[in-house]
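> Here it is, the structure in full.
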Amino acid sequence: MSDDKQSRTGTPAGPQPEELRFFGTTWVDHSGRYGLRRAGVAVGSLAAAVAGALVLRFAFQGLEIAAVGGFVNTLVVVMFAVCSAIAFRKTWEGFGRRPADPAREDALRSLKAIGFIGTLLAWFVRSFVEAPGEKLRRAEYEEAVARYEKRRSHRTGNPSGRKKPKR
């Protein structure tokens with residue numbers, strides 16, 4: 001065990017990459033079947049979106065059978081479309097930056113749950129470019145590593161062994 005790479009407690013020295021859902025820390029160096037994982041996320045999110053759309057179609061057919069009226073049918077379709085669009089946008093924005101107001105993001109959680117198809121489609125589209133959230137995590141990780149290296153380079157050596165400045 002090298003003191004350069006790990007501290008005396010056995011934990012690695014320096015900043016550690018944040019894990020991504022479905023990818024762990026393989027996004028750092030694209031190891032561990034990273035490409036297959038991205039393909040799996042794309043296929044899985046699209047399949048889940050299609051399954052969700054089918055479930056919503058069955059629910060809409062139930063409304064037609066119940067004969068609730070055209071206004072309610074239109075209202076339900078518009079509600080799911082608007083919620084899906086908002087969920088897509090918020091999920092897409094979340095891949096590029098941390099939320100400015102976490103409390104507001106928590107308040108939108110139920111809206112995102114209703115518009116789950118938009119969230120799944122955002123994951124599907126983003127997985128063609130990168131692991132969803134990789135760009136943000138990579139920028140944060142590289143910044144943390146740069147700060148760590150800068151701090152570490154300023155504190156090299158044993159402070160008690162330094163020469164005292166002459167007065």
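> Using per-residue counts of other Cβ atoms within 10 Å, averaged over each peptide, order 47-54, 124-131 from highest down.
Those peptides, ordered most packed to least, come out 124-131, 47-54.
> Report the extension gain between HIS30 and VAL50 in nm, rounded to one decimal, defined as 0.36 nm multiplied by the number of residues separating them, less their alpha carbon distance.
Stretched out fully, the HIS30 to VAL50 stretch lengthens by 4.3 nm.
> Now, a different point. Nearest 0.05, what FRET efficiency do ALA39 and LYS166 give at R0 = 45 Å with Cβ-Cβ as r?
0.10
> Rounded, prolate or oblate for segment 17-75? Axes are the square roots of the Cα gyration tensor eigenvalues, ordered a ≥ b ≥ c, and the cut-off for rounded is a/c under 1.5.
Prolate is the answer for segment 17-75, as a/c is 1.5 or above and a/b outweighs b/c.
> Count neighbours as other Cβ atoms within 10 Å of each site's Cβ, and list the trypsin sites (Lys or Arg not before Pro) in segment 56-98 that are DSSP loop with at most 10 such neighbours.
Within segment 56-98, the qualifying trypsin sites (Lys or Arg not before Pro) (loop, at most 10 other Cβ atoms within 10 Å) are ARG97.
> Also, quick follow-up: For the chain, what is the relative contact order in percent, using Cα pairs closer than 8 Å and at least 6 residues apart in sequence?
Relative contact order here is 30 percent.
> Using log10 I(q)/I(0) by the Debye sum over Cα atoms at q = 0.09, 0.11 Å⁻¹ as the read-out, say which of [x] -0.38, -0.56; [y] -0.50, -0.66; [z] -0.30, -0.43 was calculated from these coordinates.
Read-out from the structure maps to [y].
> Could you please state how large a percent of the accessible area of segment 35-106 is carbon and sulfur, counting protein chains only and using a 1.4 Å probe?
The nonpolar share, carbon plus sulfur, comes to 73 percent.
> For ILE114 and GLU143, FRET efficiency with R0 = 35 Å and r from the beta-carbon atoms, rounded to 0.05?
0.50
The values are calculated or read from the model by the stated rules, or taken from the named source; none is laboratory data. As the structure is a computational prediction, the values presented were derived from the model and not from experiment. Methodologically, a virtual Cβ is constructed for each residue, glycine included, from the backbone with ideal geometry; neighbour enumeration extends over all protein chains shown. Heads up: the accessible areas ignore ligands, DNA and RNA and are worked out on the full protein's heavy atoms, side chains in. Shrake-Rupley method; radii C 1.70, N 1.55, O 1.52, S 1.80 Å.
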